[in-house]
1. Given region 31-112, what helices (runs of 4 or more DSSP H) lie entirely inside it while holding 2 or more residues that are over 12 Å from the mean Cα position of the chain (by Cα) and surrounded by fewer than 21 Cβ atoms within 10 Å (Cβ to Cβ)?
2. Is there a residue in region 123-144 that is farther than 23 Å from SER38 by Cα and without any contact (Cβ under 8 Å) to a residue 60 or more places away in the chain?
3. Check region 169-180 and report whether any residue there is open to solvent by less than 20 Å² (accessible area, probe 1.4 Å), in a helix (DSSP H, G or I) and in contact (Cβ under 8 Å) with a residue 40 or more places away in the chain.
4. For TYR129, all conditions in the list (1) open to solvent by less than 20 Å² (accessible area, probe 1.4 Å); (2) in a helix (DSSP H, G or I); (3) within 20 Å of LEU93 (Cα to Cα) hold save one; what is the number of the exception?
5. In this structure, does LYS99 turn out to be at pLDDT 95 or above and farther than 14 Å from LEU133 by Cα?
6. Filter region 136-168 for residues that are in a loop (DSSP other than H, G, I, E, B) and either open to solvent by less than 60 Å² (accessible area, probe 1.4 Å) or under 30 Å from GLU80 (Cβ atoms) (or both) and give the result.
7. Considering only residues of region 19-43 that are more than 18 Å from LEU71 (Cβ to Cβ) and of a type in the set (A, V, I, L, M, F, W, C), which is modelled with the lowest pLDDT?
Amino acid sequence: GLKGGYIPSGEGNDPIRNLGAIPTGKNFFGFNPDKIPSSSAWDLGRQAAHQIINKNLKEKKRCPDKVAVVLWATETIRNEGINESTILYLMGLKPKWDKTGRVIGTEVISGKKLNRPRIDVLMNPSGLYRDLLPNMILFLDRAVQKAALQTDIENLISEHSRQIKTRLIEFGMDKEKADILAKIRIFTEKPGS
């Protein structure tokens, strides 16, 4: 750095809190979107999902069919992915982390362990979320598609996708396009808007 050379970027923070900060002396950044959701956010997100389910059971005597979640970039950065964790748990998935805490995918929670349907979730990321966290939008979309394929218990995601596809075909859409559109669960503004 003193010779005017390139300093690679990397994670910052206290090396005890974040092993990714070692070795030090990097052009550091304080936030790593690859670590969303964190394990602590996962615990809180599961609790939030249980609260949503229990409230619905108490008021309507059944699990919710569909839940809508608005995703805000600043909230996700601040709480390390509680809403994303809630979404995953509602669909019956959990994050999979590597040794450094990076999220490398999702794992299916067995229907036997869930003991409830896989709940359909609609997501509305803000424009800033879309721009700052495009990796999360792709991650969540892959999670939706994975959850929709599960057949071990009642799957409201795949059930609703079939219903949407049928309706789209009834309105004159070709089957291939209807199949693609029926699986979409993330809706946001176009880039630049």
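1. On the way: elements: 39-60, 73-79, 82-91.
By residue number, 39-60, 73-79.
2. Start the filter on region 123-144 by keeping residues that are farther than 23 Å from SER38 by Cα, which leaves none.
Looking through region 123-144, none of the residues is farther than 23 Å from SER38 by Cα and without any contact (Cβ under 8 Å) to a residue 60 or more places away in the chain.
3. Of the residues in region 169-180, the ones open to solvent by less than 20 Å² (accessible area, probe 1.4 Å) are 178.
Those left that are additionally in a helix (DSSP H, G or I): 178.
Now narrow it down to the ones that are in contact (Cβ under 8 Å) with a residue 40 or more places away in the chain: none.
Checked against the condition, which is being open to solvent by less than 20 Å² (accessible area, probe 1.4 Å), in a helix (DSSP H, G or I) and in contact (Cβ under 8 Å) with a residue 40 or more places away in the chain, region 169-180 yields no hits at all.
4. (3)
5. Values: at pLDDT 95 or above: no; farther than 14 Å from LEU133 by Cα: yes.
It is false that LYS99 is at pLDDT 95 or above and farther than 14 Å from LEU133 by Cα.
6. Taking region 136-168 and keeping what is in a loop (DSSP other than H, G, I, E, B), we get 149-154.
Hits for region 136-168 are LEU149, GLN150, ASP152, ILE153.
7. Checked region 19-43; the qualifying residue modelled with the lowest pLDDT is PHE29.
The values are calculated or read from the model by the stated rules, or taken from the named source; none is laboratory data. Because the structure is a prediction, the values reported are computed rather than measured. Positions of Cβ are generated from backbone atoms using ideal geometry, with glycine treated the same way; all protein chains shown enter the neighbour counts. Accessible surface areas use protein heavy atoms only, side chains included; no ligands, DNA or RNA. Shrake-Rupley method; radii C 1.70, N 1.55, O 1.52, S 1.80 Å.
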